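Okay, structure first, notes after.
Taken together, the values in this text are just the output of simple stated rules run on the coordinates, not laboratory data. Keep in mind that this is a model prediction, so the values were computed, not measured. Neighbour counts run over all protein chains shown; Cβ positions are idealised from the backbone, glycine included.
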Amino acid sequence: MKIRVLTIIVSLFFALQLNAQRLPYVGYIFPAGGKQGSSFNAMLSGQYLDGVTNATISGEGVKVEIIEHIKPLSGRQVTLLRDRMRNINQALKSANKGATQISFYNEYQTNKLEVLTITAVEKELAEIRKKLSNPKNQRPMNPQMAEDVLVKITIDKGAMCGDRELRLKVAAGHSNPVKFYVSNLPEYTEQETVPNAPGQTNFVTIPVVVNGRILQGDVDRFHFRARKGDKLVFIAYARDLMPYIADAVPGWFQATLAIYDSKGKEIEYSDDFKFNPDPVIYFEVPEDRLYSVEIKDAIYRGREDFVYRIAIGEFPFITSIYPLGCSVNETATVALKGWNLPVSEFTINGKKPGVIQLSVPKSNYVSNLVPFCVDTLPELMEKEPNNSIKTPQPISLPMIINGKIDKPDDLDVFSFRAEAGTTVVVDVKARRLNSSLDSILEITDITGKRLAINDDNEDLSAALLTHQADSYIYFNVPTTGRYFIHLTDAQHNGGDDYAYRLRVSQPMPDFELRVVPSSVSLRAGSSAPVIVYALRKDRFTNDIKLTVKSPEGFSLPSNARIPGTTNQMKFYLSANSKLSKETFNIVIEGTAKIDDKEVSRIAQPAQDMMQAFYYRHLVPAKAFIADITGRVPPPQKNLPKKK
């Protein structure tokens, strides 16, 4: 009861917040994907969607058409519809046999007689029943998902596979984006009228992508036939579709997967994949028979936005790579571990610094994406034995070490020399590169005395991580001499999945930018507020000057900057009075001096998402959209003076 009351209070709080701004909001889309060359209907649910005209989706080859906007009825509207239905039914009952029309008094005005044909009456009764059957007419409800928009989605045969961003366009501008997938697999949407109804079955033929929702008290099962020796991979997309939920704990749909044999015996189970809340199962089929895959919430919750997709087939799937990166303009041989992989290694050339996504193809399928980091510093590989300060691996600065915690309780130790008064940064990249390593770092002197230690360090740019497990130390060297870096897993684990990249260098100050929200609407000649966040690295403290790089006609104040003493500022994005009604992609650029050199960074659009009533995350978006909704009316002249 207390939890329900708290949920209602928080929902009301969010409703008041949104009501003050009236921003169009979309909570989810169902189904959240489709196959190349298909056409189907989908439902989006949200709030403040009046005047919805169309939808936009990133990439090419996907068309979205609006069919219907469905709003919940007020109490008065429900009463009037019921009264009208009663009046019509009474008239039908009183009508002569074979009558082609009926007459009855209007429910608004008892003295106004209406005359309708039987065909028109039957059509209207069907519409009334449809409106009254909407479960969202019941109170209380989640105001953030009060309205539905039915759309038709058409995907070209040549549309590129992968995730897209879909937004609704309403009178007030574009909504926030929701994730939508294009696949090359057959797609199946669960057939469910009553959640978890006895005898209700869903049969699928693999390979397939299953689309469904976990409603209140719901457990979904899908039956499939498999042959002995099939090497099936089951990949759930749940949190992936909606990273954070504001009014639910732990802040996302925590899906679980289980495989059952024909006798109902559970033979495989997963509630996550490594540190990712979305489960993955590898199932080597023991014999020819009928099997079932089950999906549910880990703590048996259910709500309409618990949308999921399950990909089932003999897909290639990468579980780990080594090393996790290389130096720019160098060629690296990357070893692969996983399931159904066509190769065990491949080579890659890092052409420019940054994180790239790797995958491998097999037949008509492409594996999951895994991150690979390209840096500018010299690199070397960790070498055993380096398990104590008696046998450390010596390194020189600056350096990036590619290593691995090979087994449980493995300890990697590195030694370096540094001058008194200098600063050394020791930065682990592991969890941010899809490694299972939960690192812990220590720096000691030659006697073994601990001088610094760190377990977890938050990186705001890694907004989708549920556990910020990478370590970071900013170390001021006390005396000239030799020092030791100790790196291990905080949970005493190890193996092929526990790789890392360890940067040991002088501070390398830098910054990234995020701009929220990812869509704004304004009139030509007016302005709209945005917040720009500076994600500072290695204690970078210089001011960052902001400008609109493109398109022409938009600007920030001439003195727009984020001072070195803060990490975020609110600004007003202005639109030229000559701009016409249109949608624009805005690019904001930040420039700052680093070591007397001016550098520039593009601000990545993001959504400020709340998790579990409290935590906030800057979740990246693909585009920053500005809608011009009209022009500011010119000032009126020669108005009569007030007396």
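Listing for the model above:
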read-out: Descending Cα extents along the principal axes, the stretch 317-375, whole Å; value: 30, 16, 16
read-out: Gain in span if fully extended, E598 to L116, counting 0.36 nm per residue against the direct Cα distance; value: 166.0 nm
read-out: Nearby aspartates and glutamates by direct alpha-carbon distance to K296 (threshold 16 angstrom, same-chain neighbours under 8 apart not counted); value: E190, E192, D218, D220, D240, E266, E268, D271, D272, D278, E304, D305
read-out: Estimated [θ] at 222 nm from DSSP helical runs (n ≥ 4, -39500 (n - 2.57)) normalised by residues in the chain, nearest 500; value: -3000 deg cm²/dmol
read-out: Lys, Arg +1 and Asp, Glu -1 on Cβ, resulting dipole of the stretch 185-315 about Cα centre, debye, nearest 20; value: 220
read-out: Rg/Rh ratio calculated on Cα atoms of the chain (Kirkwood radius); value: 1.03
read-out: Top positive-direction residue, dipole computed over the chain with Cβ charges, set Y483, V515, F554; value: F554
read-out: D156/S580 FRET efficiency (R0 30 Å; Cβ-Cβ; nearest 0.05); value: 0.50
read-out: Sorted by Cβ neighbour density within 10 Å, fewest at the top, the residues H617, H467, H174; value: H467, H617, H174
read-out: Exposure proxy order (Cβ contacts within 10 Å, fewest to most) of S133, S262, S183; value: S133, S262, S183
read-out: Theoretical FRET efficiency, 1/(1+(r/R0)^6), r = Cβ-Cβ of S359 and F40, R0 30 Å, to 0.05; value: 0.65
read-out: Contour minus Cα-Cα distance for E552 and T422 (0.36 nm per residue); value: 42.2 nm
read-out: Over the stretch 381-530 - Rg/Rh using Cα atoms and the Kirkwood inverse-distance radius; value: 1.12
read-out: Isotropically averaged projected area of the stretch 34-193, using the convex hull of Cα atoms (one quarter of hull area), nm²; value: 12.9
read-out: Paramagnetic reach from L460 in the stretch 241-283 [backbone N under 13 Å; point 7 Å along Cα→Cβ]; value: none
read-out: Dipole of the chain, positive end: most advanced residue of V599, G494, I66 [Cβ charges, Cα centre]; value: I66
read-out: Zone residues, the stretch 19-49, relative to E65, backbone N less than 15 Å from point 7 Å out along Cα-to-Cβ; value: 38-42
read-out: Nitroxide proxy distance, nm - points 7 Å out along Cα→Cβ at R82 and T447; value: 8.3
read-out: Extension gain from R289 to Y474, taking 0.36 nm per residue of separation minus the Cα-Cα distance; value: 60.8 nm
read-out: Assigned charges on the beta-carbon of Lys, Arg, Asp, Glu; the chain dipole about Cα centre (debye); value: 3100
read-out: The stretch 232-287: chymotrypsin sites (Phe, Trp or Tyr not before Pro) falling in loop per DSSP and having at most 10 other Cβ within 10 Å; value: none
read-out: Within-15-Å neighbourhood charge of Q357 [Cβ basis; K, R +1; D, E -1]; value: +2
read-out: All lysines inside 22 Å of K549 as judged from Cα atoms, apart from same-chain residues fewer than 8 positions distant; value: K570, K578, K581, K593, K597, K622
read-out: Low-density loop cleavage sites - trypsin sites (Lys or Arg not before Pro) in the stretch 546-594, where at most 11 other Cβ are within 10 Å (DSSP); value: K578, K581
read-out: Sequence of C373, C161, C326 once ranked by neighbouring C-beta atoms within 10 Å, starting from the fewest; value: C161, C373, C326
read-out: Mean separation of Cα contacts under 8 Å, 6 or more apart, over the residue count of the chain: relative contact order %; value: 10
read-out: Whole-Å distance, taken between Cα centres, linking the stretch 37-67 and the stretch 239-285; value: 28
